[in-house]
Amino acid sequence: MAKGFIERSHRRCREMGVDFTRIYSSLVLEGAELRRRLEDCQELMEIAAPFMEQLLDFVRGSNFLVILTDAEGIILKIIGDEEILNDAHNLKMIPGASMNERHIGTNAMGTGLVEGKPIQVTGKEHFVSAYHRWTCSVSPIRNPQGKIIGTLDLTGNIPLVHSHTLGMVVAAAHAIESMLANKLAHNKLLVASKYIQTIVDSIDAGIFTVGARGYMKTLSKKAEQMLGFTQQEVVGMRVENFIEGWDSIKETLTREQTYYEEEDFVRGRSGKLHCTLSIYYIIDDEHGHHQGYVCVIKDIQKIRKLVDRISGKQSFYTFDSIIGRDSKFLKAVRFARQIADGPSTVLITGESGTGKEVFAQSIHNASSRRDEPFVAVNCGALPRNLIESELFGYAEGAFTGAKRGGKPGKFELADGGTLFLDEIGEMPLDMQANLLRVLEEGRLYRVGGSKVIEVDVRIIAATNKDLVREVEAGNFRGDLYYRLNVLALRLPPLRERKLDIPLLADYFARSKAAKLNKRPLQINEQLRRRFLDYNWPGNIRELENVIESMLSSPDTVQFPPRVQPIGARCAELEVEDLATAELNHIHQVLAKYNGNITAAARALGIGRTTLYRKLQLDCSNMEQ
């Protein structure tokens, strides 16, 4: 024998004790075991099927078989002319039969698997005599990783086998391997596409692509929700149907190569959507050609909610947070609950430290706007030259140092929710007119801007001043007062709700101790009586600060010196007028906070501007 692989195969067959008179394979899988094998090889069978048919077409009518096996030589599929199929069936060459050398001796399929290369076995080169009539040409089939997963065989009678038969089989096997590789690549692309699509759809922003000529191409699920159109509906639509001024945006992209987080309005099925718009080029890296655009839109309302949540600008007080059992106070709580879920403006009045913002937040959280922003503005703390831009925002280029793209004001940030205007009595007269216009029209212009911005905001205002007297004195506009004073809520000072002082003291003693990691303050009967005897000009805020100071320095502060019986305070007032007493108290607080104006103003419950004004008045009196 001239073929070395035949010699090696025959030697193995003799060593394994294969009977050369054998007719059938010694292993034929049937039933469930065969079904499992076919299921495991389903992909190979599906891909190989058309190539097997094509191979058979070349030799049809010449009594040839085309056989596909798995990596162990188990026949998966066999097709061919009827006469030779019957011959093969008589030899039990059927699906499930093993063509492994151990079970049927030297043959192209079994020996080809051992050699790992295309081979041809003809006539008496077969170890068993039953196959001596045939010539078998086989090629292993490898997966994309190079592992043999099966064989493709073409078997026919010896006289009919052509010299190029093996070449045909090898070509068909290579074609199957290519299809396996292509399918693997296609599957990888599908998986990658699914990953990308899942990532895109998980982003809380609308993403859509536009072709180079301005036609819409794809939309993410979020973009479908925001625009109100499906992917199928937008294909072929012009991007100008959604984005106004597209031509000028393209010019900006050409000039600056970027269009990022620009505030804009995008048209959807249900109307205009106030959003930020970012646009990016799609570039063919190989040739640098412009292929289109990726557009990203984000709902400004959601962005602001997220910023408020992260920055802590949110309302966390509810009516359940409010402590008290005094009848007058409970009457104010009931009224606040009744007016909570309505659109009307609320004016909360009361001395500093009575809990006006607590009530404002509770009203917001009991309303239908609870899931929308709650934005608080201290009108007394805003510098006069910044209050307009803080409330109404400013446009790009409105003044030196203005941010690119401009900045939204508090009204825009509160859109859909509640705007709490604290210390409204401190607002300058010229700004009161602008505020009144926005309250009446529900629309505004940013400083330096020309675009009308509509806002839906519920106003809750608060003041510790008597606004009626301020109107009479010409310090507050009467029309604004009546616009704000739709629902009036007065909060009683702590001295008018004596029943609540022990209740609040016990609450702060526990909560402050937990916050400071201290042992709870024990409020004995003597301390309780002194608390009840004191007038608490700073109201609840002062009581809270007293408890905190007693917890912070229990060894050095046996009793806060400012908590004195009413009789002692009255004696003090006999030798000091009210203005002097107020200034003395301010200086004591400033000394406690080492001259820190912001901390002192917060402790006193007034704005920094008010504190500065009181201190400047004191200085001018000293100069006189």
For this session: Estimate the FRET efficiency between Ile597 and Lys272 by the formula 1/(1 + (r/R0)^6), using the beta-carbon distance for r and 51 Å for R0, to the nearest 0.05.
Result: 0.70
For this session: Might you work out the accessible area of Tyr281 for me, using a 1.4 Å probe with all protein chains in place, and round it to the nearest 10 Å²?
Result: 60
For this session: On a 0 to 90° scale, report how tilted helix 246-256 is relative to the longest principal axis of the chain, with both axes built from alpha carbons and the result rounded to the nearest 10.
Result: 90
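In the stretch 200-274, which trypsin sites (Lys or Arg not before Pro) fall in coil by DSSP and have 13 or fewer other Cβ atoms within 10 Å?
Counting only loop positions with at most 13 other Cβ atoms within 10 Å, the trypsin sites (Lys or Arg not before Pro) in the stretch 200-274 are Arg213, Arg269.
Restricting to Cα pairs below 8 Å that are 6+ residues apart, what does the relative contact order work out to for the stretch 34-161? Please round to a whole percent. Kindly include the intermediate steps, with their values, before the conclusion.
Details: 237 pairs, mean separation 29.4, N = 128.
Relative contact order for the stretch 34-161 comes out at 23 percent.
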Exercise. What does the charge dipole of the chain about its Cα centre add up to, to the nearest 20 debye, if the Cβ of each Lys and Arg holds +1 and the Cβ of each Asp and Glu holds -1?
Worked result: 1260
Exercise. Which of Lys77/Lys124; Lys298/Lys410; Lys465/Lys512 have a Cα-Cα distance over 23 Å?
Worked result: Lys77/Lys124; Lys465/Lys512
Exercise. Which percent of Cα pairs goes in each bin when the distances of the stretch 61-214 are cut into 10 angstrom slices starting at zero?
Worked result: 11, 34, 24, 10, 8, 8, 4, 0
Problem set entry | Residue-wise HN-Hα coupling along the stretch 326-335, computed from phi with Karplus coefficients 6.51, -1.76, 1.60 (Hz; x: Gly, Pro) | 5, 5, 5, 5, 5, 5, 5, 5, 4, 5
Exercise. Which distance in Å, rounded to a whole number, links the C-alpha centroids of the stretch 37-81 and the stretch 481-499?
Worked result: 91
For this session: Would you work out the relative contact order for the chain, in percent, from Cα pairs under 8 angstrom that are 6 or more residues apart?
Result: 8
Problem set entry | Share antiparallel - DSSP beta bridges, the chain, percent rounded to 5 | 75
Problem set entry | Distance between the stretch 508-522 and the stretch 106-181 - C-alpha centres, whole angstrom | 87
Exercise. Can you give the net charge of the other residues whose Cβ lies under 11 Å from the Cβ of Met93, counting K and R as +1 and D and E as -1?
Worked result: -1
Exercise. Straight-line reach from Lys331: which lysines have Cα under 17 Å away, leaving out those fewer than 8 places along the same chain?
Worked result: Lys356, Lys498
Problem set entry | Nearest-0.05 FRET efficiency for Ser193 and His89, computed from C-beta distance (R0 45 Å) | 0.45
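In what sequence, highest mean first, do 141-147, 173-179, 65-71, 329-335 appear when ranked by Cβ atoms within 10 angstrom? Could the numbers behind the result be given before it?
Values: 141-147: 13.6, 173-179: 18.4, 65-71: 23.4, 329-335: 15.7.
Ranking, from highest mean packing down: 65-71, 173-179, 329-335, 141-147.
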Problem set entry | Additional length obtainable on full extension of the chain from Arg529 to Asp201, 0.36 nm per residue less Cα span | 111.7 nm
Problem set entry | Filtered GluC sites (Glu not before Pro), the stretch 1-59: DSSP coil and at most 12 other beta carbons within 10 Å | Glu30
Problem set entry | With all protein chains modelled, accessible area of Met93 [1.4 Å, Å²] | 10
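I need the shape label for the stretch 462-559. Rule: rounded when a/c is under 1.5, else prolate if a/b > b/c, else oblate, with a, b, c from the alpha carbon gyration tensor.
Details: a/c = 3.00, a/b = 2.66, b/c = 1.13.
The shape class here is prolate.
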Exercise. For the stretch 337-356, list residues with backbone N below 18 Å from a point placed 7 Å from the Cα of Asn485 toward its Cβ?
Worked result: 344-351
For this session: Collect residues whose amide H, placed 1.01 Å from N in the peptide plane, falls under 5 Å from the amide H of Met99; neighbours closer than 5 in sequence don't count.
Result: Ile74, Ile75
Problem set entry | Expected 222 nm ellipticity per residue - DSSP helices of 4 or more, -39500 (n - 2.57), all of the chain, to 500 | -14000 deg cm²/dmol
For this session: Quick one: which residues, 5+ away or cross-chain, put their amide H under 5 Å from the amide H of Glu261? H built at 1.01 Å from N.
Result: Leu277, Ser278, Ile279
For this session: Note the listed values (i) 1.07; (ii) 1.27; (iii) 1.73, then indicate which one is Cα Rg over 2.2 N^0.38 Å calculated from this particular structure.
Result: (iii)
Exercise. FRET efficiency for Lys614 and Glu472, Cβ-Cβ distance as r, R0 = 22 Å, nearest 0.05?
Worked result: 0.50
Problem set entry | Whole-Hz couplings from phi, Karplus 6.51/-1.76/1.60, listed for the stretch 601-612; x for Gly and Pro | 4, 4, 5, 7, x, 10, x, 4, 4, 4, 5, 4
Problem set entry | Whole-Hz couplings from phi, Karplus 6.51/-1.76/1.60, listed for the stretch 59-65; x for Gly and Pro | 10, 4, x, 10, 6, 10, 10
For this session: Pairs to check: Lys272/Lys451; Lys194/Lys221; Lys217/Lys272; Lys117/Lys147; Lys188/Lys221; Lys117/Lys188. Give those whose C-alpha atoms are more than 18 Å from each other in this structure.
Result: Lys217/Lys272; Lys188/Lys221; Lys117/Lys188
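The values are calculated or read from the model by the stated rules, or taken from the named source; none is laboratory data. Keep in mind the model is a prediction, meaning the values are calculated, not measured. Virtual Cβ from ideal backbone geometry, glycine too; neighbours counted across all protein chains shown. Surface areas here come from the heavy atoms of the whole protein model, side chains and all, with no ligands, DNA or RNA. Shrake-Rupley method; radii C 1.70, N 1.55, O 1.52, S 1.80 Å.
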